[in-house]
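Notes to accompany the following structure.
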Ligand code: TRP
């Protein structure tokens, strides 16, 4: 059988998983597992680039691991970044193959450092925030990923990754690293229900996101109070209504979706009916995920051990790469 292509992606451990995360990324990750050799990382080293609390970080890391498994990621495909410290080692080596000027052009750095300026810690901006795309390049290249499923906001980081790989290959005179390609799968644009002009996101505040694992009543309430009549109109439809239709489709409620679209077109659509259908769609997923999560919670210790073991297994691949890279780069290797 032909070797399956390698897919790799990573996610930062932040508190809650919301439907924007799920429909925008995780659902796609789950599906890719059918056709590719997939590795997914919870990247806690990355989460240190913005102000954070140590205890909270570790909690969030495990929380996200449990949530990823509950939503359909296979535990064997998961690793925790700090359990594979070779990422940090490769990142140092890559720092020396990265153009300082190129890093300065990263728009995410500009956005995030602007965020830090206004709040917390006297406007502290760490060098880690600046060099973070180098660590991301290490995450990707250490597993020789062919494809990296990411959003458009990560395109620049993927270009930098390819740049680093090329510079390394050029300098050592060998096509050692595979040049990874981003995988931009079509995903729905999920907006905040409270303000459909902005993306559903955690940073905007509690009312702006719907937690995938929330109580059913809370989800229904949030959908019921969704803003429908403000927001830029897209082809005659307000952004709020368009968002609800997208959520319905994303929840795979295709029959309800098509019949409500017809109602909309004939002018007979009642917003309460649309909201009811969306709530039902989200709650159906929510029930499935919550029951999976409850089962995992009953076996916390085993689940943690399983992910520690899969991280150790994945680490072997990282160690193989780092050994070769050190050889190629003129460094010495510790003999185990
Ligand atoms: N930078 C990504 C984000 O902010 C997360 C990330 C870290 C990542 N390492 C990665 C994504 C490697 C893809 C591949 O969302």
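The values are calculated or read from the model by the stated rules, or taken from the named source; none is laboratory data. Since the model is a prediction, treat every value here as computed from it, not as a measurement. We place every Cβ from the backbone using ideal geometry, glycine too, and count neighbours over all the protein chains shown.
Out of curiosity, is residue 105 touching a strand residue (DSSP E or B) at 6+ places or on another chain (Cβ under 7 Å), surrounded by fewer than 17 Cβ atoms within 10 Å (Cβ to Cβ) and in the same structural domain as residue 46 (by TED's automatic domain parsing)? Against the criterion (touching a strand residue (DSSP E or B) at 6+ places or on another chain (Cβ under 7 Å), surrounded by fewer than 17 Cβ atoms within 10 Å (Cβ to Cβ) and in the same structural domain as residue 46 (by TED's automatic domain parsing)), residue 105 does not qualify. If you go through region 106-133 and keep only what is in contact with a helix residue (DSSP H, G or I) (Cβ under 8 Å, 6 or more places away or on another chain) and more than 16 Å from the ligand (Cβ to nearest atom), you end up with 117, 123, 124, 125. Listed by first and then second residue, the pairs with beta-carbon distance under 6 Å, at least 6 apart or on different chains, first residue in region 170-198 and farther than 24 Å from residue 226 by Cα, second at pLDDT below 95, are 182/150. Scanning region 15-34 turns up at least one residue that is assigned to a loop (DSSP other than H, G, I, E, B) and at pLDDT below 95.
A single entry from 168, 177 fulfils the requirement of being in a helix (DSSP H, G or I), buried (at least 19 other Cβ atoms within 10 Å of the Cβ) and more than 13 Å from the ligand (Cβ to nearest atom): 168.
Of all the criteria given as (1) over 30 Å from residue 102 (Cβ atoms); (2) surrounded by fewer than 17 Cβ atoms within 10 Å (Cβ to Cβ), the one not satisfied by residue 239 is (2). Identify all residues within region 176-195 that are over 23 Å from residue 162 (Cβ atoms) and under 17 Å from the mean Cα position of the chain (by Cα); write none if there are none. Across region 176-195, the qualifying residues are 188, 189, 190, 191. One residue stands out in region 180-193 among those that are at pLDDT below 95 and out of contact with any strand residue (DSSP E or B) (no Cβ under 9 Å at 6 or more places or on another chain): the one that is surrounded by the most Cβ atoms within 10 Å (Cβ to Cβ), namely 188.
Within the bounds of region 115-127, is there any residue that is under 19 Å from the mean Cα position of the chain (by Cα) and either assigned to a strand (DSSP E or B) or under 17 Å from residue 49 (Cα atoms) (or both)? No, there is no match, as no residue in region 115-127 is under 19 Å from the mean Cα position of the chain (by Cα) and either assigned to a strand (DSSP E or B) or under 17 Å from residue 49 (Cα atoms) (or both).
For (1) within 22 Å of the chain's Cα centre (by Cα); (2) within 16 Å of residue 74 (Cβ to Cβ); (3) part of a helix (DSSP H, G or I); (4) modelled with pLDDT of 95 or more, each residue gets a yes or a no:
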{"site": "302", "(1), (2), (3), (4)": "no, yes, yes, yes"}
{"site": "307", "(1), (2), (3), (4)": "yes, yes, yes, yes"}
{"site": "326", "(1), (2), (3), (4)": "no, no, yes, yes"}
{"site": "334", "(1), (2), (3), (4)": "no, no, no, no"}
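Kindly indicate the residue of region 29-53 that is away from the ligand (no atom under 15 Å from the Cβ) and closer than 16 Å to residue 126 by Cα and also surrounded by the most Cβ atoms within 10 Å (Cβ to Cβ) among those meeting that condition. In this case the residue turns out to be 51. Note on region 73-94: residues that are in contact (Cβ under 8 Å) with a residue 60 or more places away in the chain and not in a helix (DSSP H, G or I) amount to 4. Would it be correct to say that residue 242 is within 16 Å of the ligand (Cβ to nearest atom) and in a helix (DSSP H, G or I)? Criteria not met by residue 242.
Of everything in region 134-165 that is part of a strand (DSSP E or B) and near the ligand (Cβ under 9 Å from one of its atoms), the residue that is farthest from the chain's Cα centre (by Cα) is 148.
Listed conditions (1) under 24 Å from residue 16 (Cβ atoms); (2) buried (at least 18 other Cβ atoms within 10 Å of the Cβ) are all met by residue 274, apart from (1).
Is it the case that residue 97 is more than 15 Å from the ligand (Cβ to nearest atom) and either assigned to a loop (DSSP other than H, G, I, E, B) or touching a strand residue (DSSP E or B) at 6+ places or on another chain (Cβ under 6 Å) (or both)? Here the answer is yes, as residue 97 does meet what is asked.
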